[in-house]
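What follows is a single structure, written as structure tokens, with notes after it.
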Amino acid sequence: MRNYISAIIFLAILVCLLSAISLAEEHVASPGSYRTLLKQLAPGDVLRLKPGMYQRGLPVRNLNGLPGKPIVITANNELVPPVFLGQRRHNTVSIVNSSYIKIRNLVLDGIGMPVDGVKAEGHADWAHHITLENLLIRNHGNNQQTVGISTKCPTWNWEVRGNVIIGAGTGMYFGNSDGSDAFVSGLIERNLVADTIGYNLQIKHQKMREDVPGMPQDSRKTVIRHNVFSKAHGGSDEPMARPNVLVGHWPLRGPGRDDEYLIYGNFFYQNHNEALFQGEGNLALYNNLLINDFADAVHIQPHNDIPRKISIFFNTVITPQAGIVIRQRRQNPLPAEVDYPQRVVANAVFASRPIEARNTEGNVIGSVADAMEYLRKPNSPLDSMDYRPAAKIKAEFDPVPLQDFLDWNLDFDGIVRQASEVGAYSAEQADSYWIPQIGLKSQR
């Protein structure tokens, strides 16, 4: 009898699953029909947009897919993507109270309007499990506060992948300026963000983790990997100059206080007036290539709080200014400030002031001129530069504390590094490698 009942329950569940699958639909829409179809989308549905100019935005409001059954909005023909034009007083892709949404293969052209390309709106309660993939975001540079991708409500489990953002005021801005509306458990990978006025990417500090149903309350990691962040052109002068990337601290108490940033495999290139990277809180910065002909490379320093758990390892840094700087204290430290574990290990840094930090081990340092001795073609023009080692760059250091970090033993190109190797690249040469350039970083 028990087996019979179990079989009946199994069949009922199977029927429900098959029914749900059969309900998923594909729709093909044009500029004249897409707004009507957009409102009708259900979990598992796909909305394919024909080529054309879309002038009424993409309002993603109260659309909710399910785990394994996202709602997908994409080009009908990836070779001829639809173009969404900016419209005054309306962000081009406007997300409100939506989840399990994938938006792919679109062009967002701001045409100089003071509106954002993609925005999780400030009046929304939340937006979670959002994937933004293969978007071209252009002409969103009306001013420094015009953003390519922005979140202003509690957000979690976003994946931002393979997008190109050119000439925006700010490339990506996650979280609110006052530390509210936390951005949690994000994955930002293989994007190109170039020639922004302000930040290529900023993730704001977090005062506290909002108590929103479904928002993670356990410890999470936000991963920033294999992106290209360039400010070779178009950045603000002082006092509005900004780093390429800035990440703020996590909540100082309560849920989220042990969260971490894992920042690896990225190409940071040029900033005329500021550092390439700035961070505080808990973070690991590793296997990155940081090249700046004008200003500093890495600033770990107090911003809205202080640096806490910091690990910086296996990076290659070239700059005529400061390479890696950790400023632990405010000018007037608070009584509650304590010492946190901070390590600068196995980096190859060629700078006038290579490393300024307390705990260093196994780094290879020298002047910019010394890079010629260690690296293949560090002074060649962009697109033909080669920062791989001319010979093995090795040093003695303890790798055990580094092994907790995701992909820690893969170099800038994803090659397994050998013991005691220093810098972003392994000396093991691949048949092909990604030549550093202002373009999407390809996968091996």
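The values are calculated or read from the model by the stated rules, or taken from the named source; none is laboratory data. This is a predicted model, so every value here is computed, not measured. Here Cβ is always computed from backbone atoms with ideal geometry, including for glycine, and neighbour counts include all displayed protein chains. These area figures cover heavy atoms from the full protein model, side chains too; ligands, DNA and RNA do not enter into them. Shrake-Rupley method; radii C 1.70, N 1.55, O 1.52, S 1.80 Å.
For this structure, a couple of remarks:
- Selection from the stretch 135-189 of residues that are more than 25 Å from P70 (Cα to Cα) and among the small types (G, A, S): G141, G167, A168, G169, G171, S177, G179, S180
- Of the residues P381, P320, P307, the single one that is open to solvent by 20 Å² or more (accessible area, probe 1.4 Å) and touching a residue at least 24 places away in the same chain (Cβ under 8 Å) is P320.
Here's the yes/no breakdown for (1) in contact (Cβ under 8 Å) with a residue 60 or more places away in the chain; (2) crowded, with 20+ Cβ neighbours inside 10 Å; (3) among the small types (G, A, S):
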| position | (1), (2), (3) |
| --- | --- |
| I355 | no, no, no |
| R358 | no, no, no |
| R388 | no, yes, no |
| Q443 | yes, no, no |
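- Reported count of residues in the stretch 281-304, each being of a type outside the set (S, T, N, Q) and either at pLDDT below 95 or open to solvent by 10 Å² or more (accessible area, probe 1.4 Å) (or both), is 7.
- Subset of the stretch 414-442 (residues that are among the charged types (D, E, K, R), part of a loop (DSSP other than H, G, I, E, B) and either modelled with pLDDT of 95 or more or over 25 Å from the mean Cα position of the chain (by Cα) (or both)): E428, D431, K441
- Note on the stretch 182-277: enclosed strands (runs of 3 or more DSSP E) holding 1 or more residues that are in contact (Cβ under 8 Å) with a residue 12 or more places away in the chain and polar (S, T, N, Q) are 201-203, 221-225, 228-231, 267-271.
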